[in-house]
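> Dumping the structure here so I can ask a few things about it.
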């Protein structure tokens, strides 16, 4: 997923108006270029919004699958995907290389869901990698949950979650005193 987002940034840009100095609108950007001009300011790799606070759920997935394979957990308990999740997998998902661990009939589909208080109606919806890049440039921090789904047997499991978007700036200017008296005073 990370490489998909970075690849989408290289193809579509992060702000839409960015271009290399001295290049025309029709000329393609080089993937190795570091800085672009964006509305009169310099954009570098430092300002690129990457995934933060990444949580991988591979151990939980492995544990759940071992319970299913041993018979302690029924298949009907883990193959319970919501119809909305199955539709999102069909229209917004990206095919992965991993086969379904339950039915072993088709490859799993990865669906990215976004959540955030300031996203408004966008919160709680499935998004593609390109849409995630656009959301990261327009909104403050929001969380992304990547779910793997089998459209045949309805297996679904949370793969990872992370935070995208502009990091919130510090609330105020930090000073040594911050309005408090020191022992010297």
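> Provide, in order from the shortest bin, the percent of all Cα-Cα pairs of region 50-164 in each 10 Å bin, continuing until the bin that contains the maximum pair distance.
Whole-percent P(r) values from 0 Å outward: 14, 43, 31, 11, 1.
> Per-residue counts of other Cβ atoms within 10 Å, averaged by peptide: what ranking do you get for 112-118, 58-64, 143-149, 99-105, highest first?
143-149, 112-118, 99-105, 58-64
> Okay, next question. Nearest 0.05, what FRET efficiency do residue 59 and residue 96 give at R0 = 22 Å with Cβ-Cβ as r?
0.75
> Here is a further query. Pairs of alpha-carbon atoms within less than 8 angstrom and 6+ residues apart define the contacts here; what relative contact order does region 50-164 have, in percent?
33 percent
Only the coordinates and a few stated rules stand behind these numbers; no lab work does. Model, not experiment: these values are computed from the prediction. Note that we place each Cβ from the backbone using ideal geometry, even for glycine, and neighbour counts take in every protein chain shown.
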